[in-house]
Amino acid sequence: MFTRVHCGGITQRQFSCCAPTNCQDLLIFIDTARSLPYFSHPVKKILKTVIPLAICVLIFVFIFRKIPPAKAWEALQTSNIPLFIFVAVVYFFWVHVFDCLAIKHFISRFSAPISHKESWLVRGVTYIMMIINYHAAQGVFAYYFKKTHKAPLSKTLGTMAFISIGDLILILTSALIALGFTNVTYQGFDFRLFVLRLAPIIYLGYGLFILFWKNADRPVIRKLARFRLVGWLLRHNLFLIFREAKLGDYLLLFVLRIPLIIAVIGGYNLALGTFGFAIPWSKIFLYNPIIMLIATLPITPAGLGTGQFFTIQFFQNHVSHSNLLIDPVSAASLLLASSLIWFLANQIIKVIFGVVCLIWTNTEKAWGIRRKA
């Protein structure tokens, strides 16, 4: 009787002794082979999930050692809850509107014609998945349009990558502009120097990437295809839309995304206002792009932990109440409470809106899910 071997240290001899003798054994044999570390890397996948979560937990352990949870709870109770909810909902829909404008235009441009209503509903549904796995959400997004519009998966995913890269460029540019007015350091680490070194590399890479695809059909690029990276880019269907993109597409992308990026940078200060406190807008537009840039790094899930940590570090000396600065200890408690509730509020609104969109969407036709009678 063939049995699954769970030991990761199985030898070639042990494996060969398990050779199948009939069709049923063959299926079990293949299933077992795929489960062996030699054929797959489940540990690597687990580590990709566990390590960011562990870092997130460690960051919050460190924060709560400095700021007792009771202090954060006291700060949270100072909020005007109805006003906070109103600000959070307005912020969410502002971001959603401009997000969907770009999605509607560029999905229609590169993949398949879609309506504004579809972009609203489908983007809403993917918010549910984003809480669990951002990349899976993009896959669900592409799958929907494949089912309903026969849109190629590669073109839809490529369009989302096109938009995401544009967002990264805008965040980097915002940080660069902010750092042009002052220097930002944390415990000896020079953020200004870091961004000034990082920006030219990313800008140059982005520019070369655009030039590469504008000239992809030229003989010189074809000759370079023998190099592994160039050959991989040319063969990968995900990048097909970059071959079609024109300079006007990049410019329109930035125009459509700038209001969204500005809202993301400044929205937190509006939320803080519901607590009766404020941070000078000059400081918000100075530090928040840097915090956003750090939060985009794959250190913790959705930037949770890193965002709160640097929000406290950068803003605790700039929080005021009735135009009077408050002490850093009280400010730290307030910043921790407000940034956490701001993050959670946005996630909750996304889930609620996503559920509404899922119910609204014709699930039987679009998703292949049969509703129960």
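Here, each number is a calculation from the coordinates, and none is a lab measurement. As the structure is a computational prediction, the values presented were derived from the model and not from experiment. Heads up, the Cβs are rebuilt from the backbone with ideal geometry, glycines too, and the neighbour counts pull from every protein chain shown.
Between Ile177 and Ile348, how high is the FRET efficiency from 1/(1 + (r/R0)^6) when r is the Cβ-Cβ distance and R₀ = 25 Å? Nearest 0.05.
0.20
Using amide H atoms built 1.01 Å from N in the peptide plane, name the residues 5+ places from Asn133, or on other chains, whose amide H lies under 5 Å from its own.
When sequence neighbours closer than 5 places are left aside, there are no close amide H contacts.
For the pair Val89 and Ala136, how long in nm is the line joining their label points, each one 7 Å along Cα→Cβ?
3.0 nm
Quick query: amide H of Ala278 versus all other amide H atoms, modeled in the peptide plane; which residues come in under 5 Å with a sequence gap of 5 or more or a different chain?
Amide H to amide H, under 5 Å and 5 or more residues apart or across chains, Ala278 pairs with Ser320.
Can you tell me how region 71-366 classifies by the Cα gyration tensor, rounded, prolate or oblate, using a/c under 1.5 as the rounded cut?
oblate
Which pairs in the list Lys48/Lys150; Lys150/Lys246; Lys214/Lys283; Lys48/Lys214 are over 28 Å apart, alpha-carbon to alpha-carbon?
Over 28 Å apart, Cα to Cα: Lys48/Lys150; Lys214/Lys283; Lys48/Lys214.
Take region 110-220, compute every pairwise Cα distance, and split them into 5 Å bins from 0; I just need the percent in each bin.
Going from the shortest bin to the longest, the percentages are 2, 10, 14, 16, 12, 13, 14, 10, 6, 3, 0.
Contour minus end-to-end for Thr296 and Ile51, with contour as 0.36 nm per residue of separation and end-to-end as the Cα-Cα distance?
86.6 nm
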